Amino acid sequence: MDNTKSASWTDQEVTECFQAITSCVTPEMVTAFIQRRSQIRDPPIRLFNIVSSRFDYKTLDGQYIGIFNPRTGSRFGELPCSGPREVEDATRAAKESFKSWKQASRYDRAQHLRRISKVIREKRDAFAAWESFDQGKTLQRARSEVLGAIAHFE
């Protein structure tokens with residue numbers, strides 16, 4: 001586990017990075033994106049927890065865990081090292097959100113799940129490209145897994 005401390009990211013930078021990530025629809029585009037981002041940011045990508053529909057920037061003592069490309073061994077990103085406090089905050093938020101979810105009709109809940117399916121379907125090429133890059137899977141295997149995720153939400 002590679003724990004690192006890195007400079008803060010702004011909400012705007014996180015949003016711009018996310019938008020750029022979702023536009024990469026082939027493994028080649030992912031690789032080119034990582035190479036470009038490496039020239040302006042170390043690490044090129046930083047992921048954050050999402051709690052109550054917002055980016056949660058808290059980590060365990062400001063630490064992050066490196067994300068490595070399994071084919072090359074190169075570090076291309078990092079994700080938060082979450083400790084008990086962060087997990088408790090997320091659990092508390094989930095319990096609070098569940099109150100309204102369980103009150104929603106079956107139809108409304110189904111609509112939300114179908115919307116997730118629709119978004120994954122719309123971005124399926126990006127999901128597959130990143131899954132291939134991040135996990136070292138063939139693109140064909142990654143596409144198959146993304147289609148499986150879509151089916152789970154339908």
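The values are calculated or read from the model by the stated rules, or taken from the named source; none is laboratory data. All figures in this text were calculated on a predicted structure; none of them were measured in a lab. For neighbour counting, all protein chains shown are included, and Cβ atoms are generated from backbone atoms with ideal geometry for every residue, glycine included.
Quick one: in the stretch 39-62, which of the residues that are surrounded by 17 or more Cβ atoms within 10 Å (Cβ to Cβ) and in contact with a Cys (Cβ under 9 Å, 6 or more places away or on another chain) is modelled with the lowest pLDDT? Only one residue tops the list, namely THR59. I'd like to know if the stretch 77-88 contains one or more residues that are modelled with pLDDT under 90, closer than 22 Å to GLN135 by Cβ, among the polar types (S, T, N, Q) and not in a helix (DSSP H, G or I). No, the stretch 77-88 contains no residue that is modelled with pLDDT under 90, closer than 22 Å to GLN135 by Cβ, among the polar types (S, T, N, Q) and not in a helix (DSSP H, G or I). Would a scan of the stretch 76-92 turn up a residue that is among the small types (Gly, Ala, Ser) and over 18 Å from the mean Cα position of the chain (by Cα)? Yes; the residues of the stretch 76-92 include at least one that is among the small types (Gly, Ala, Ser) and over 18 Å from the mean Cα position of the chain (by Cα).
Within the stretch 104-125, no residue satisfies the criterion of being free of Cβ contacts under 8 Å to residues at least 40 places away in the same chain, under 19 Å from the mean Cα position of the chain (by Cα) and not in a helix (DSSP H, G or I).
In the condition set (1) surrounded by fewer than 12 Cβ atoms within 10 Å (Cβ to Cβ); (2) closer than 24 Å to ALA151 by Cα; (3) not basic (Lys, Arg), ALA104 is compliant with all but (1). Residue pairs whose Cβ atoms lie under 6 Å apart, separated by 6 or more positions or on different chains, with the first residue in the stretch 82-103 and over 27 Å from ILE65 (Cα atoms) and the second among the small types (Gly, Ala, Ser) and in a helix (DSSP H, G or I), do not occur.
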